[in-house]
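Bear in mind that the values in this text are calculations on the coordinates, not laboratory data. Note that this is a predicted model, so its numbers are computed, not measured. Neighbour counts run over all protein chains shown; Cβ positions are idealised from the backbone, glycine included.
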Amino acid sequence: MASNEFKVGKATVRLVMGDITEASTDAIVNAANSSLMGGGGVDGAIHRKGGPQILEECKRIRATEWPNGLPAGKAVITTGGNLKAKYVIHTVGPVWRGGNHGEPELLEQAYQNSLRLATSKGLKTVAFPSVSTGAYGYPVEEASLVALKAVKEFLEKEDKLTEVVFVLFSENALEAYSDKARKLF
Ligand code: ADP
C-alpha cells in the first residue's frame, strides 16, 4: 500500500487530503496574495475561520514592513486567531505565466521562507496548502515537485522541525504530491 508519510532526517513529511483550516500544527501556511487583505480560495477560508485578528495583524504588517504589499516568494507571520494552529504564515506564490518567468524559483522561495520563519519562531510542525495551484494557475504536477523538493532541502539542512504536512484539497492534488514524494524521498 502506498504510504503517505516520508522521513527526512528526524522529520516526517505527511500528505493528507483535507481542509487546512482544521489542521492542528503549530502553524498553517496561507497562500495569500500580495495585498495580505484576504481573498478567495484557501486565503478566504483561513480569514473566515480564524477571525478578524488575522486581518488586523496583516494590516499592521502592510503599514510597517511591506507598504507596497508582500512580494512573491516572501513570507510573514501572524496569529492564528480562532484557528487550532497558533500561527498563520502568509506567503505569496507566483502567478503561473508559462513557467519561464521565474515561477519555480519564486515558488521554492515561498516554501523555504515559510519554513525559515517557522523555525525562527521555534515552531515544530507546519502545514502547507498547495501554494499557487488554485487561482494562480500553477500546474499541480509541476508545483508539487517544486514544493516537495524545497521542503526536502530545507529539512536536510535544518533539524528543528519535526513535521511538515501538505493538506491537499482534492484527490488529484493528493495523487500528484504522492507520486512525486515516492520518487523524491
Ligand atoms: P493561489 O492563489 O496560491 O493559487 P488558492 O487558494 O487559489 O491559492 O489555491 C491554492 C490551493 O489551495 C488550491 O489547490 C486549492 O484547491 C487549495 N485550497 C482551497 N481551499 C483550501 C482549504 N480550505 N484547505 C486546503 N487547501 C485549500
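Quick look at the values:
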item	result
Tally of residues being surrounded by 16 or more Cβ atoms within 10 Å (Cβ to Cβ), within 11 Å of the ligand (Cβ to nearest atom) and under 25 Å from Gly122 (Cβ atoms) across the stretch 10-41	8
Unmet criterion (only one of (1) touching a strand residue (DSSP E or B) at 6+ places or on another chain (Cβ under 8 Å); (2) over 26 Å from Ser178 (Cα atoms)) for Ala110	(2)
Number of positions in the stretch 113-129 that are crowded, with 19+ Cβ neighbours inside 10 Å, part of a helix (DSSP H, G or I) and either away from the ligand (no atom under 16 Å from the Cβ) or at positive phi (or both)	3
Answer from Ser132, Ser144 - the residue that is buried (at least 23 other Cβ atoms within 10 Å of the Cβ) and farther than 16 Å from Asn113 by Cβ	Ser144
Qualifying residue in the stretch 56-71 (condition: within 13 Å of the ligand (Cβ to nearest atom), surrounded by fewer than 22 Cβ atoms within 10 Å (Cβ to Cβ) and without any contact (Cβ under 8 Å) to a residue 40 or more places away in the chain)	yes
Verdict on Thr78 being more than 15 Å from the ligand (Cβ to nearest atom), free of Cβ contacts under 8 Å to residues at least 40 places away in the same chain and β-branched (Val, Ile, Thr)	yes
Residue match in the stretch 87-107 (condition: assigned to a loop (DSSP other than H, G, I, E, B) and in contact (Cβ under 8 Å) with a residue 60 or more places away in the chain)	yes
Subset of the stretch 72-98 [of a type in the set (Val, Ile, Thr) and either surrounded by fewer than 17 Cβ atoms within 10 Å (Cβ to Cβ) or in contact with a Ser or Thr (Cβ under 7 Å, 6 or more places away or on another chain) (or both)]	Thr79, Val88, Ile89, Thr91, Val92, Val95
Selection from the stretch 135-172 of residues that are assigned to a helix (DSSP H, G or I), without any contact (Cβ under 8 Å) to a residue 60 or more places away in the chain and of a type outside the set (Val, Ile, Thr)	Glu141, Glu142, Ala143, Ser144, Leu145, Ala147, Lys149, Ala150, Glu153, Phe154, Lys157, Asn172
Criterion: of a type in the set (A, V, I, L, M, F, W, C), touching a helix residue (DSSP H, G or I) at 6+ places or on another chain (Cβ under 9 Å) and within 13 Å of the ligand (Cβ to nearest atom) - qualifying residue of Val140, Val164	Val140
